[in-house]
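J.: I have a structure I would like to understand better, so I am pasting it below and will then ask my questions one at a time.
The values are calculated or read from the model by the stated rules, or taken from the named source; none is laboratory data. The structure displayed is predicted, hence computed values, not measured ones. No Cβ is skipped: glycine too gets one built from the backbone with ideal geometry, and neighbour counts run over all protein chains shown.
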Amino acid sequence: MNREIQITLCVVISMMCSEPVSSQQLYTLKTKLGDVMGIRKTVNNGSTNVFSFLNIPYAKPPIGDLRFAKPEPFGKWNGTLNATKLGKACIQPPDPFNQSILHELSEDCLQLNIYVPNNVSSGVKRSVMVWIHGGAYIYGSGTLYNGTMLAARGDVVVVTINYRLGVFGFLSYNETIARGNYGLWDQILALKWVQENIEDYSGDPTSVTIFGESAGGFSVSLLSLIPSNKRLFHRVIAESGVSDSFFSLSVHAKITSITLGDALGCVYDPLTRNFKTVLFCIRSKSAEEILNVLDKVGIYFLSSLTTEIPFAPVIDGELFNDFPSKVLANDLSDELAFFKSLDMIIGNCNMEGSLYLGMTPQEQEKYHINITAGIPQDFFCEKFIPALVGTYFDHNSKVSEAICKEYKVDNDPDEQSRQVLQMYTDMFFISPTFTSLFAHSGGKAYQSTYQYVFTNKTPLPYGAPRPPWYRGAGHASELVFLFGIEDLHYRNIPVKPEEFQLSYVMKDLWVNFAKTGKPSQPGLPEWPQFDPTNQFYLQLNSNNLTASKSYEPRRMKFWLNTIPNIINNNI
């Protein structure tokens, strides 16, 4: 799984770091936190100014006693802040695929970037779109997503943020001394910064949309279940990730955190429960030491079969008191009430299971398979499914049998391979999307609800070739249509006119939603609201931009009805 994420970051995101610029000059803005010097660029063939203010600190460096602790506001700066260059990405595992794109890594990384179109004036208030990046809570950076063209196209203020990743963002002992969720606390503090300061950048703090993809989708969806976040944001776009996914939270963060400490020589004693001593010890280690140890014990933390994310948000008794599935199903929960008070777009690529193509050569050798040639039925039913069911369904053999029966294909190895990825897509992404959609749109008190399914092939060449049997729009395929497609021809990557048009339509839909809560307007595809009966969704494809009803009803019935009935012994 993680290799595919790295490839996605390397190839997809690398196209997002610049845009064609005809001219640029320095620009200094007075703000309540101090003067800030950014850059004014002209884009769209010189017709639009976009002001970028980069590497603005919203929190103190999370080092020393602030490592594995809630972030603290940075506050004012001295003199004029130089905001003309991107800052450093948060510490993450070294990787040959993405090191050439990411700027220097540092624990001192809690910064944000602001893109303002046309003019910066306190008399103008534009809707604000805050992007939270993905990468399995392990990889990525807000610096990789250039908001220039989205801001210019939509006349909105675009903000991209960094938050702590991996063990630095999500170490947890489930104890007061280290509850975890530091990466989410970073996101919350960044949103508070936006509320308090975005007016200086011509943003409207009463019209804030948070949007994100993959772990960013998990994040925005989780933030929507925290009632204390009320008024920090008003609309949500969750791309390829919702709170109810098995991937959104970790149930093993405590044991992985203890194991990491032991490997660092910061040994946990279960008799004395010396968490404070262990935490002090880990804080004394350098980031390099921690990453080196993580690399050595990496097999323990992430298995290709169980596909768990080792360090992720947890139920901490503070931000979260129960699992998303529980609070979404509770009509009286404060979490559901807040969730339903927000306008919501939730969607997926139709082959999110492309992530599974990241199985390493060593893992393929271990299980005697070759993914390029195909994924055999015996491996699927006898190895892969039991491993997943063991992790997520308490080794229920009837669940294993049902999944195998639903997705096995006889006498067609290519279609069997595709169905393996389809099962991964449905289990981890599409079916939880429907759970969130039903929870948001059901009952009486709710805001607007929209679903999309992205089915367009990306114009980007992937770092590793897709197997010949592969079909569909893989995980993260939509990203380049929102960020960076304008720059591809400068890199000798051909983009078809209809792909540019799809990009423009998607930007317009996203921006309209951020401004009004409704994505459609004259000249754009009609996008009916999702409701539990009709289940409308919009297909996003350069050859098909039409609304339909009930995406894959048979497969969704299997995951949302059949499997729960098996677990509850009704079958």
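J.: Pull up region 357-407, narrow it to residues that are touching a residue at least 24 places away in the same chain (Cβ under 8 Å) and of a type in the set (Asp, Glu), then point me to the one that is nearest to Pro564 (Cα to Cα).
T.: That would be Glu406.
J.: Looking at region 555-568 only, could you name the residues that are over 15 Å from Ala329 (Cβ atoms) and out of contact with any helix residue (DSSP H, G or I) (no Cβ under 9 Å at 6 or more places or on another chain)?
T.: Residues satisfying the conditions are Lys557, Asn565.
J.: When you check Pro376 against the structure, is it surrounded by fewer than 18 Cβ atoms within 10 Å (Cβ to Cβ) and not aliphatic (A, V, I, L, M), yes or no?
T.: Answer is no for this residue.
J.: Ok, one more. Taking the stated definitions as given, is Arg491 surrounded by 15 or more Cβ atoms within 10 Å (Cβ to Cβ) and touching a residue at least 60 places away in the same chain (Cβ under 8 Å)?
T.: no
J.: In addition: Which ones in region 154-195 are in contact with a Pro (Cβ under 8 Å, 6 or more places away or on another chain) and either of a type in the set (Asp, Glu) or assigned to a loop (DSSP other than H, G, I, E, B) (or both)?
T.: Asp155, Val156, Arg164, Gly180, Asn181, Asp186
J.: Regarding region 257-278, can at least one residue be identified that is in the same structural domain as Asp65 (by TED's automatic domain parsing), within 27 Å of Leu144 (Cβ to Cβ), crowded, with 18+ Cβ neighbours inside 10 Å and among the hydrophobic types (A, V, I, L, M, F, W, C)?
T.: So far as region 257-278 goes, yes, one or more of its residues are in the same structural domain as Asp65 (by TED's automatic domain parsing), within 27 Å of Leu144 (Cβ to Cβ), crowded, with 18+ Cβ neighbours inside 10 Å and among the hydrophobic types (A, V, I, L, M, F, W, C).
J.: Give region 229-260 a look and list any residue that's among the polar types (S, T, N, Q), outside any loop (DSSP other than H, G, I, E, B) and either free of Cβ contacts under 8 Å to residues at least 24 places away in the same chain or under 22 Å from Gly166 (Cα atoms) (or both), or say none.
T.: Result: Thr256, Ser257, Thr259.
J.: Also, quick follow-up: Could you list, in sequence order, all residues of region 405-455 that are part of a loop (DSSP other than H, G, I, E, B) and hydrophobic (A, V, I, L, M, F, W, C)? Lay out the reasoning, then the answer.
T.: Looking only at region 405-455, we keep the residues that are part of a loop (DSSP other than H, G, I, E, B), and these are 408-412, 442-448, 455.
Across region 405-455, the qualifying residues are Val409, Ala445.
J.: Please pick out the residue among Asp35, Asp108, Asp65 that is in the same structural domain as Gly154 (by TED's automatic domain parsing), surrounded by fewer than 18 Cβ atoms within 10 Å (Cβ to Cβ), in a helix (DSSP H, G or I) and over 20 Å from the mean Cα position of the chain (by Cα).
T.: That would be Asp65, the only listed residue that is in the same structural domain as Gly154 (by TED's automatic domain parsing), surrounded by fewer than 18 Cβ atoms within 10 Å (Cβ to Cβ), in a helix (DSSP H, G or I) and over 20 Å from the mean Cα position of the chain (by Cα).
J.: Moving to a separate point now. Filter region 508-552 down to the residues that are part of a loop (DSSP other than H, G, I, E, B), without any contact (Cβ under 8 Å) to a residue 12 or more places away in the chain and of a type in the set (S, T, N, Q) and list them by number.
T.: The first filter runs over region 508-552 and keeps only residues part of a loop (DSSP other than H, G, I, E, B), leaving 517-535, 542-543, 545-546, 550-552.
Narrowing further to those that are without any contact (Cβ under 8 Å) to a residue 12 or more places away in the chain: 520, 522-523, 533.
Result: Ser520, Thr533.
J.: Between residues in region 179-200 that are within 21 Å of Ile315 (Cβ to Cβ) and residues that are of a type in the set (Ser, Thr, Tyr) and assigned to a helix (DSSP H, G or I), which pairs lie under 7 Å by C-beta distance while being six or more apart or on different chains?
T.: From residues that are within 21 Å of Ile315 (Cβ to Cβ), the pairs are Leu184/Ser219; Gln187/Ser219.
J.: Go through Arg471, Arg555, Arg466 for me and flag whichever is closer than 27 Å to Ile403 by Cα, assigned by TED's automatic domain parsing to the domain that holds Asp412, assigned to a helix (DSSP H, G or I) and touching a residue at least 60 places away in the same chain (Cβ under 8 Å).
T.: Only one candidate qualifies: Arg555.
J.: Is there a residue in region 424-438 that is closer than 30 Å to Asn330 by Cβ and acidic (Asp, Glu)?
T.: Checked against the condition, which is being closer than 30 Å to Asn330 by Cβ and acidic (Asp, Glu), region 424-438 yields at least one hit.
J.: Can you tell me which of (1) of a type outside the set (D, E, K, R); (2) closer than 23 Å to Val297 by Cα; (3) in the same structural domain as Leu540 (by TED's automatic domain parsing); (4) at pLDDT 95 or above is the one Thr391 doesn't meet?
T.: Going through the list (1) of a type outside the set (D, E, K, R); (2) closer than 23 Å to Val297 by Cα; (3) in the same structural domain as Leu540 (by TED's automatic domain parsing); (4) at pLDDT 95 or above, Thr391 breaks only (4).
J.: Residues being over 23 Å from Tyr392 (Cα atoms), buried (at least 22 other Cβ atoms within 10 Å of the Cβ) and touching an Asp or Glu at 6+ places or on another chain (Cβ under 8 Å): count how many of those fall in region 214-238.
T.: Counting residues in region 214-238 that are over 23 Å from Tyr392 (Cα atoms), buried (at least 22 other Cβ atoms within 10 Å of the Cβ) and touching an Asp or Glu at 6+ places or on another chain (Cβ under 8 Å) gives 2.
J.: How many residues does region 196-225 contain that are part of a helix (DSSP H, G or I) and not β-branched (Val, Ile, Thr)?
T.: Adding up the residues that qualify gives 13.
J.: Among the residues of region 73-88, is there at least one that is surrounded by fewer than 16 Cβ atoms within 10 Å (Cβ to Cβ), in contact with a Ser or Thr (Cβ under 7 Å, 6 or more places away or on another chain) and either at pLDDT below 95 or over 28 Å from Ala287 (Cα atoms) (or both)?
T.: Taking every residue of region 73-88 in turn, at least one turns out to be surrounded by fewer than 16 Cβ atoms within 10 Å (Cβ to Cβ), in contact with a Ser or Thr (Cβ under 7 Å, 6 or more places away or on another chain) and either at pLDDT below 95 or over 28 Å from Ala287 (Cα atoms) (or both).
J.: Restricting to region 338-380, name every residue that is under 18 Å from the mean Cα position of the chain (by Cα), outside any helix (DSSP H, G or I) and among the polar types (S, T, N, Q).
T.: Asn348, Asn350
J.: From the list Glu401, Glu335, which one is surrounded by fewer than 20 Cβ atoms within 10 Å (Cβ to Cβ) and either basic (Lys, Arg) or assigned to a helix (DSSP H, G or I) (or both)?
T.: Of the residues listed, the single one that is surrounded by fewer than 20 Cβ atoms within 10 Å (Cβ to Cβ) and either basic (Lys, Arg) or assigned to a helix (DSSP H, G or I) (or both) is Glu401.
J.: So, one more: Got a sec? Which of Asn49, Asn55 is within 24 Å of the chain's Cα centre (by Cα) and part of a strand (DSSP E or B)?
T.: Asn55
J.: Please go through region 330-372 and pick out each residue that is small (Gly, Ala, Ser) and in contact with a Leu (Cβ under 6 Å, 6 or more places away or on another chain).
T.: Gly353, the sole residue that qualifies.
J.: Picking from Thr307, Thr272, which residue would you name as being among the polar types (S, T, N, Q), in a loop (DSSP other than H, G, I, E, B) and under 24 Å from Val220 (Cβ atoms)? Walk me through it before giving the result.
T.: Working: Thr272 fails: under 24 Å from Val220 (Cβ atoms).
On inspection, the qualifying residue turns out to be Thr307.
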